Amino acid sequence: MKFLIGITADLTNIKTLQPQLGCDDTNFSYFFKMKCVDCRQVTTKDTCVRLSEKVEDYDGSVFNLTQKCVYCRKKGFLKLIPGHGRPLLLATAESRMYTPLMMIEYRGYMEPVDFSFGPGWKAVSMTQGMYRAENRLYTRLL
Ligand SMILES: [Zn+2]
C-alpha cells in the first residue's frame, strides 16, 4: 500500500518550510504512530523512520523499517520513497492547501496511521524572524 503525506501549516513571517536538507534528506527522521491491521492496536510511542536505515523484507526487497506488533507479534515493513516532496510555500499554506512531503509504502501488518513532527525543520523567514512554536503543522494523506 502506498500513500503520500501532505503538510500545511499556520506560518508567521515564514516564506518556506521544509526538512533541514530537503524532503529527501537521508538522515531526516519521520515519526509515525503505527496500527496493527490484525489486532487493531496502535503503538503508544512514535516510530522513527529514516531513508538511511535499510532492512530487508522476506523476499529481499529493501525497506527502511521493520516493526512487530507488541501485542500479537505480527510484522510489518515500511519504506520512504524519495522524489515526491516539495517545500511548503507561504501561498500554499495561506490557501489551506497541502504540499506533498514524502511517499510511504508499507507491507505486512503495521500500518502508519499518524505522522508527528519531530525536530530538524528549516524555515526561511521573510524578515529576521525565527521558526516559532506557534507555527502549527497539519498532515493528511493525499
Ligand atoms: Zn497486532
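Restricting to the stretch 65-91, what's the tally of residues that are crowded, with 20+ Cβ neighbours inside 10 Å and either farther than 19 Å from ARG50 by Cα or among the basic types (Lys, Arg) (or both)?
3
Which residue pairs have Cβ atoms closer than 9 Å, lie 6 or more positions apart in sequence or on different chains, and pair a first residue in the stretch 18-45 that is on the phi > 0 side of the Ramachandran plot with a second residue that is surrounded by fewer than 19 Cβ atoms within 10 Å (Cβ to Cβ)?
The qualifying pairs are GLY22/PRO87; GLY22/LYS122.
State all residues of the stretch 34-64 that are within 16 Å of the ligand (Cβ to nearest atom) and either in a strand (DSSP E or B) or among the hydrophobic types (A, V, I, L, M, F, W, C) (or both); if no residue qualifies, say none.
MET34, LYS35, CYS36, VAL37, CYS39, VAL42, THR47
Out of (1) modelled with pLDDT of 90 or more; (2) within 21 Å of LYS122 (Cβ to Cβ); (3) surrounded by fewer than 16 Cβ atoms within 10 Å (Cβ to Cβ), what's the single condition that is false for GLU94?
Condition not satisfied by GLU94: (1).
I want to confirm something. Restricting to the stretch 23-33 and keeping residues that are away from the ligand (no atom under 16 Å from the Cβ) and of a type in the set (D, E, K, R), which single residue is surrounded by the most Cβ atoms within 10 Å (Cβ to Cβ)?
Among those residues, the one meeting the criterion is ASP25.
The values are calculated or read from the model by the stated rules, or taken from the named source; none is laboratory data. On a predicted model such as this, the values are computed, not experimentally measured, just so you know. Backbone-built Cβ (ideal geometry, glycine too); neighbour counts: all protein chains shown.
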